[in-house]
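Just below is one structure, and these are the notes that go with it.
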Amino acid sequence: MAEPRVINGVEELEALVGQQIGTGEWFEITQERVSQFADATNDHQWIHVDEERAKEGPFGATIAHGYLTLSLIAGLSPKIFTITGMKMMINYGLNKVRFPQPVPVGSRVRDVVEVAEVNRKSSGVQVVMNHTVEIEGSDKPACIAQTVTLMVEA
């Protein structure tokens, strides 16, 4: 596994606006993870948890929750990049999220990250990143999301 790309501070991050900064490793979506997410969110819709019924359903197998796919960005992106010189980084929200393609259990996904905006604010530095969660072997991505992070420099 490759080491995360190191981005040295806000100035270097600003220079990367409009550029792809990395592609992550493939990550397998297991039924166990989908079932655990169903338990955590109380979303037990059969397309996610009933393997037998899902075989006859519209996707031919159980699929990951869209929000599970979205939530993976939080764990996948630190393996792609890290930003030095920050005292704190917090999730500030999302600008846009779409789920163009369902993720069948057993598939592998990865995150591709691009810096969209870096805005200096009185509260810190607001960074907008474009994330594309790809499915191995698929032309369509599983998730396209624009995340917003508030960073405070050390």
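The values are calculated or read from the model by the stated rules, or taken from the named source; none is laboratory data. Note that the coordinates shown come from a computational prediction; the quantities given were computed from them, not determined experimentally. Methodologically, a virtual Cβ is constructed for each residue, glycine included, from the backbone with ideal geometry; neighbour enumeration extends over all protein chains shown. Just so you know, the surface numbers come from the protein's heavy atoms only, side chains and all, with ligands and any DNA or RNA stripped out. Shrake-Rupley method; radii C 1.70, N 1.55, O 1.52, S 1.80 Å.
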Among the helices (runs of 4 or more DSSP H) lying completely within the range 34-106, list those that include at least 2 residues that are of a type in the set (Val, Ile, Thr). 46-49
Cβ-Cβ under 9 Å pairs, at least 6 apart or on other chains, the range 4-29 side under 24 Å from Ala142 (Cα atoms), far side polar (S, T, N, Q) and not in a helix (DSSP H, G or I): Pro4/Thr82; Arg5/Thr82; Gln20/Asn130; Glu28/Ser107; Ile29/Ser107
What are the residues in the range 40-75 that are among the β-branched types (Val, Ile, Thr) and farther than 19 Å from Gln101 by Cβ, if any? Thr41, Val49
Which residues, counting only those in the range 87-107, are of a type in the set (A, V, I, L, M, F, W, C) and crowded, with 17+ Cβ neighbours inside 10 Å? Phe99, Val103, Val105
How about the range 14-45: which of its residues are of a type outside the set (Gly, Ala, Ser), closer than 12 Å to Val105 by Cβ and open to solvent by less than 80 Å² (accessible area, probe 1.4 Å)? Ile29, Thr30, Gln31, Val34, Phe37
If the requirement is being of a type outside the set (S, T, N, Q), within 16 Å of Val34 (Cα to Cα) and assigned to a strand (DSSP E or B), which of these qualifies: Val133, Val109? Val109
